[in-house]
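Here's the structure we're looking at; comments come further down.
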Amino acid sequence: MIERDDSVVVTAFVRLLAPTIQLFGLYVLVHGHESPGGGFQAGVILAATYLALALGLGRETLDRRVNERACLALAAGGVALYVLTGVLPMLGGGPFLDYGELPLPVDAVRARYFGILFIETGVGLTVAATIVLIFCRLVDRDRPS
Amino acid sequence: MSEPVVAALLVLLVLLAVTAIRASDLLPAVVALGGYGFVMALTWAAIGAVDVAFTEAVVGAGATTVFMLAALLRTSRRRSPAPERLRWVALALVLVVGLAIAFVERALPPFGDPAAPPALHVSPRYLEGAVPETDTPNVVTAVLADYRSYDTLMETVVIFTAGLGCWLLLRRHEPR
């Protein structure tokens, strides 16, 4: 069982750090086209904020903020978003995962740009939710569920 | 990045790995493993693989360390010593595989060789195509998410399956 840390420095710092890191995670996600990073890294960064919250503020804080079934749904939703981005081009007669054929009001090159953004978002959702889920299960021992 | 820096990082990697293996208390071993992930990330960055460095930093140095710590909370900090015979088998195995890798390594083209087969065949196609075809200056993202999208889709499915497996296996056993 992870208890809340006694030090006010730790708890205050974690509270301050978590939203900042989350903002950085979102930046990594949407800026993956131009700079290092992308969905996977962004997902781990977002999940890491919940890990930090749990380590600093205790397991109860994590329980209040995270619903395991919602996490499972988000993880599945990420895969679904990826597959959907792959299937949508097929409606227009294109091959699976050919983002150039996505039904968007932009030209094919820009559509590919957005296709990459969609699937990166899907990857990020799945990775973030999965890591939080595994962590929840790992630290869960004497919690009545 | 200069070669002495990479060499120093590699030496540090070996030291951290040995520390992680030798520690009798598993908590320092896990911390050394986290340090190993971080130095590995620095090494990737030093040889120019920034995206891999990023992943290694967040996963190898970050998430894995926390997972290991959580696993230690559930189990024990003490290491159970391996049986004597098994250690010799392990040493022999490591030596054979290590020598095989060292032998095969000579057949690989030099690092960063522009005339190496992979640099001549598909890489130029991706490098030239990424911006005009996908509007994505970061070629790594273009390759992962567009040119090799099937791979990434299956990787995402693997991650989801791993999470689902952990969720089901680590459930508390409720008395019926």
Formal net charge of residues neighbouring A:Thr49 (Cβ-Cβ distance under 13 Å; K, R +1; D, E -1): +2
Dipole of chain B, Cα-centred, from +1 at each Lys and Arg C-beta and -1 at each Asp and Glu C-beta, to the nearest 20 debye? 1280 debye
Under 16 Å from a point placed 7 Å out from the Cα of A:Asp5 along the Cα-to-Cβ direction: which residues of the stretch A:41-77 have their backbone N that close? A:48-62
In order through the stretch B:74-90: 3J(HN,Hα) via Karplus (6.51 cos²θ - 1.76 cosθ + 1.60), integer Hz, x for Gly, Pro: 7, 10, 8, 7, 7, 8, 8, x, 6, x, 3, 5, 4, 5, 5, 4, 4
How would you classify the protein assembly as shown from its alpha-carbon gyration tensor, with a ≥ b ≥ c the square roots of the eigenvalues: rounded for a/c under 1.5, else prolate if a/b is greater than b/c, otherwise oblate? oblate
Each residue of the stretch A:45-51 in turn: what ³J(HN,Hα) in whole Hz from Karplus with 6.51, -1.76, 1.60 and θ = phi - 60°, glycine and Pro shown as x? 5, 4, 5, 4, 5, 6, 4
Mind checking which of B:Val94, B:Val14, B:Val143 has the largest fluctuation in a GNM of chain B, springs on alpha carbons under 10 Å? B:Val94
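Quick one: if the Förster radius is 45 Å, what FRET efficiency do A:Phe114 and B:Val18 give, using the C-beta to C-beta distance and rounding to 0.05? Mind showing how you got there, number by number?
Numbers: r = 48 Å, r/R0 = 1.06.
Working from the Cβ atoms, E equals 0.40.
Only helical DSSP H runs with n ≥ 4 go in: add -39500 (n - 2.57) per run for the protein assembly as shown, normalise by residue count and round the 222 nm mean residue ellipticity to 500 deg cm²/dmol. Don't skip to the answer; put the middle values down first.
Details: 14 runs with 227 residues, N = 321.
-23500 deg cm²/dmol, from helical runs alone.
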Where Lys and Arg each count +1 and Asp and Glu each count -1, what net charge lies around B:Arg79 among other residues with Cβ under 11 Å from its Cβ? +2
Net charge near B:Ala45 (other residues with Cβ under 15 Å of its Cβ; Lys, Arg +1; Asp, Glu -1) is -3
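Can you bin the stretch B:113-176 into rounded, prolate or oblate? Criterion: square roots of the alpha carbon gyration tensor eigenvalues sorted a ≥ b ≥ c, rounded for a/c under 1.5, prolate for a/b above b/c, oblate for the rest. Write out the running numbers ahead of the final one.
Numbers: a/c = 5.39, a/b = 2.99, b/c = 1.80.
In terms of gyration-tensor shape, prolate.
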Amide H neighbours of A:Asp140 under 5 Å, at least 5 residues apart or on other chains, H built in the peptide plane: list them. none
Please list, in order along the stretch B:3-15, the HN-Hα scalar couplings obtained from phi with the Karplus expression 6.51 cos²θ - 1.76 cosθ + 1.60 (θ = phi - 60°), rounded to whole Hz, x for Gly and Pro. 5, x, 5, 4, 4, 4, 4, 5, 4, 4, 4, 4, 4
Other-chain or far-sequence residues with amide H under 5 Å of A:Asp5's (modelled H): A:Leu57, A:Gly58
Per-pair calculated FRET efficiency, R0 = 22 Å: B:Leu27 and B:Leu170 via Cβ, rounded to 0.05: 0.55
Taking the Cα centre of the protein assembly as shown as origin and charging only Cβ (+1 Lys, Arg; -1 Asp, Glu), how large is the dipole, in debye to the nearest 20? 1480 debye
Please name which of B:Met68, B:Met40, B:Ala57 has its Cα lying farthest along the dipole of the stretch B:1-81 towards the positive end, using unit charges on Cβ (Lys, Arg +1; Asp, Glu -1) and the Cα centre as origin. B:Met68
Estimated distance in nm for a label pair at A:Leu17 and B:Val131, the labels positioned 7 Å out from Cα along Cα-to-Cβ: 3.8 nm
Taking the square root of 5 times each eigenvalue of the Cα gyration tensor, what semi-axes in Å does the equivalent ellipsoid of chain A have, largest first? 36, 17, 8
Label-point gap, in nm, between B:His121 and B:Val5 - each point 7 angstrom along Cα→Cβ: 3.2 nm
Measure off 7 Å from each Cα along the Cα-to-Cβ vector at B:Ser80 and B:Ile47, then give the distance between these two points in nanometres to one decimal. 3.7 nm
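Bear in mind these aren't lab numbers, they're just calculated from the coordinates by the rules spelled out. Fair warning: this is a prediction, and the values are worked out from it, not measured in the lab. Every residue, glycine as well, gets a Cβ built from its backbone with ideal geometry; the counts of neighbours run over all protein chains shown.
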